[in-house]
């Protein structure tokens with residue numbers, strides 16, 4: 001069950017990360033209704049994760065690196081927990 005949840009959130013984070021860069025580089029247009037619905041839906045789901053990261057990180061000239069940092073941090077935590085799973089039992 002946990003792996004299904006992890007896989008689902010991983011896909012959402014990856015989609016949000018890719019969309020944020022495509023919107024920033026004007027490949028996707030946020031004024032299109034379909035793109036806007038997906039973007040705002042993903043932003044609502046993932047803002048509790050990205051908000052604290054954005055407060056800590058300096059501004060990078062309009063490029064949002066919070067999704068990348070969150071992705072790397074969650075992967076690092078996952079690896080640490082996976083490697084130390086025997087210690088918790």
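The numbers here are math on the coordinates, done by the rules we state, and not lab data. Nothing here was measured: the structure is a model prediction, and the numbers come from that model. Neighbour counts run over all protein chains shown; Cβ positions are idealised from the backbone, glycine included.
Could you list 22, 28, 72 so that the one with the fewest beta carbons within 10 Å of its beta carbon is first and the one with the most is last?
Values: 22 14, 28 19, 72 11.
Listing 22, 28, 72 from fewest to most nearby Cβ atoms yields 72, 22, 28.
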Give, in nm to one decimal, the length gained when the segment between residue 57 and residue 76 is fully stretched (0.36 nm per residue of separation minus the Cα-Cα distance). 5.0 nm
What is the helix-to-structure angle for 2-24, meaning the angle in degrees between its Cα long axis and the longest Cα principal axis of the chain, kept from 0 to 90 and rounded to the nearest 10? 30
Checking 62, 51, 41 against a Gaussian network model of the chain (alpha-carbon springs below 10 Å), the top fluctuating residue turns out to be 62
The exposure ranking of 50, 82, 40, fewest beta-carbon neighbours within 10 Å first, is 82, 40, 50
What ranking do 87, 43, 20 get, fewest neighbouring Cβ atoms within 10 angstrom at the top? 87, 43, 20
